[in-house]
Amino acid sequence: MGAIGLGLLSSLFWGTGDFLGGLVSRQLGAKRSIFFIEVIGLILLLILFAIFPEPFFGWKNFFTALVAGSIGTIGLIVLYHAMSVGLMSVAAPVSALLAAVLPVLVSISTEGIPGPLALAGFFLAFLSVWFISQDGEKGFHLGRLSDLKWPFIAGFGFGMYFILIHSASSEAILWPLITGRIGGSTVIILILLFTRTGLRIPERKPWPLIAGNASFDVLGNTFFIFAGQIGRLDIATIMSSLYPLATVGLAGFILKEKLNKRQWLGIAFAIISIVLLTIYSNPA
């Protein structure tokens, strides 16, 4: 399976995890949800490491992965904040697009500009993420320029996570994932202590949702690393960034939320993008 297929698997798992994470957040709140997801994900990775041990991947990669996990968690917290104080139809697509653009720029600077088919696929994928993330009939509406502040910070955090975890995982998989989780867990614990947020679980215990979210997030990260190891960073990132497609699809199938015209258009753009990138990566 090539970088496109692995990236799509990553987007499927990340999107499913985000769907479950949204359900968990309704019960626990954002910070508590992120804490349990980080910690349980770390436990799962340590179990995998006990079964499939890897040689240490070097201190430079260790600190790179540590920073990656910390920045990624900060980006997630900022995104939740952006959606709580502003418009979700602004926060979601803006942060997702910036998260994809940064690794693409880095990949182009290090690996060269891809062919016209790939560039067209990138453009359609960006449009796909934008339209799929529109959850209201009115679509994107920017009331104030300040509405972009928090989404930009969140997107920058996600983009830097993609770049740094890719850099740290050239010769390992579990080590960078575990180290990233340590960094992310440390950040969320410090935030919980600073904000004096308790960890009380409601009577309706959401442990299955938390475990599912953590598992899918680990799988999403794993397949993103695989995609980046065997292919270009930009293609791996673009395909992985289609995760809103899975989230929106599950919301429609399980919660019976209807897709609007913009979201259907985004799905069409995603399909065309995948076809173009597949042709680019596998020329006749």
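If you sort Glu111, Glu54 by accessible surface, 1.4 Å probe, largest first, the order is Glu111, Glu54.
Close amide-amide hydrogen proximity is noted between Thr197 and no other residue 5 or more places distant or on a separate chain, at a cut-off under 5 Å (H modeled in the peptide plane; Pro and chain starts excluded). Scaled against 2.2 N^0.38 Å for its residue count N, the alpha carbon radius of gyration of the range 29-86 is 1.42. Karplus-based coupling profile of the range 61-74, in residue order and whole Hz: 5, 4, 5, 5, 5, 4, 5, 4, x, 5, 5, x, 5, 4, with θ = phi - 60° in 6.51 cos²θ - 1.76 cosθ + 1.60 and x standing for Gly or Pro. Taking every alpha-carbon pair within the chain, the share separated by more than 27 Å comes to 37 percent.
Could you put Arg200, Arg181 in order of accessible surface area, largest first, with the 1.4 Å probe and the full protein assembly present? Don't jump to the answer; show the numbers that get you there.
Working: Arg200 180, Arg181 15 Å².
Output order, biggest surface exposure first: Arg200, Arg181.
Convert 20 °C to kelvin, take the viscosity as 1.002 mPa s, use the Kirkwood radius over C-alpha pairs of the range 11-120 as Rh, and evaluate the Stokes-Einstein diffusion coefficient in µm²/s, rounded to a whole number. Reported coefficient: 127 µm²/s. Think of a 1.4 Å ball rolled over the protein heavy atoms: the range 234-284 then has 53 Å² of accessible area per residue. The 3J(HN,Hα) values that the Karplus relation (6.51, -1.76, 1.60; θ = phi - 60°) gives for the range 224-233 are, in residue order, 5, 5, 4, 4, x, 6, 9, x, 6, 4 Hz. Gly and Pro appear as x. Largest to smallest in accessible area, the residues Thr195, Thr237 fall in the order Thr195, Thr237 (1.4 Å probe, all protein chains included).
Computed with every protein chain present, the accessible area of Tyr80 is close to 60 Å² [probe 1.4 Å]. Measuring only protein heavy atoms, the 1.4 Å probe finds Phe35 accessible over about 30 Å².
Dividing the Cα radius of gyration of the range 1-64 by 2.2 N^0.38 Å, with N the residue count, gives 1.43.
The values are calculated or read from the model by the stated rules, or taken from the named source; none is laboratory data. Note that the structure is a prediction, hence the values are computed from the model and not measured. We work out accessible area using only protein heavy atoms, side chains counted, and drop any ligands, DNA or RNA first. Shrake-Rupley method; radii C 1.70, N 1.55, O 1.52, S 1.80 Å.
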